[in-house]
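Scroll down for the structure; my scribbles are underneath it.
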Amino acid sequence: QLQACGGGVVQAGDSLRLSCAASGGTFSIYRMGWFRQAPGQEREIVAAISLRAGTIYYADSVKGRFTISRDNAKNTVYLQTNSLKPEDTAVYYCGASKNSIVPLSSLRQYEYWGQGTQVTVSS
């Protein structure tokens with residue numbers, strides 16, 4: 001089970017730290033990812049991190065602004081979002097995958113999902 005939190009309403013240029021806590025499994029065997037879905041759009045991957053954080057993926061739209069990290073001791077993955085833009089407005093979800101073969105950015109591999117947290121960025 002995944003529980004995401006940390007969203008909110010902020011102004012452009014502000015920061016938010018999203019957290020996703022996992023329970024009910026061995027967190028360290030899962031790849032973790034953050035995704036977002038804006039109204040009328042498909043869910044897209046934002047960032048993903050491998051089991052021990054050795055490999056990290058960022059979507060081009062967030063490179064240099066967002067940072068994904070994980071704390072396996074706390075069963076938690078984080079997404080630090082800086083320099084937020086209005087186009088970052090979406091519901092943000094965390095996802096987990098047991099797959100260790102396909103690229104981190106492959107959205108279909110993520111089989112477990114949190115409930116989402118809303119991020120709204122005003123201009």
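The values are calculated or read from the model by the stated rules, or taken from the named source; none is laboratory data. Worth saying up front: this structure is predicted, and the values here are computed from it rather than measured. Every residue, glycine among them, receives a Cβ derived from its backbone with ideal geometry; neighbour counts consider all protein chains shown. The protein model used for the area step is the full one, side chains on, heavy atoms only, and it has no ligands, DNA or RNA in it. Shrake-Rupley method; radii C 1.70, N 1.55, O 1.52, S 1.80 Å.
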Practice task
Go through segment 43-123 and tell me which strands (runs of 3 or more DSSP E), entirely inside it, have 2 or more residues that are of a type in the set (D, E, K, R).
Solution key: 66-71
Fill in the blank from the handout: Contact list, first residue from segment 78-105 and on the phi < 0 side of the Ramachandran plot, second anywhere and modelled with pLDDT under 95 and exposed (fewer than 14 other Cβ atoms within 10 Å of the Cβ), beta-carbon distance below 6 Å, six or more apart or interchain, is 86/123
Handout entry: Residue in segment 1-28 that is modelled with the lowest pLDDT, counting only those that are open to solvent by 60 Å² or more (accessible area, probe 1.4 Å) and in a strand (DSSP E or B)
Key = 3
Handout entry: Index of the failed condition, residue 92 passing every other in (1) modelled with pLDDT under 95; (2) open to solvent by less than 10 Å² (accessible area, probe 1.4 Å); (3) of a type outside the set (Val, Ile, Thr)
Key = (1)
Fill in the blank from the handout: With criteria (1) within 14 Å of the chain's Cα centre (by Cα); (2) basic (Lys, Arg); (3) within 23 Å of residue 123 (Cα to Cα); (4) open to solvent by 20 Å² or more (accessible area, probe 1.4 Å), residue 31 comes up short on (3)
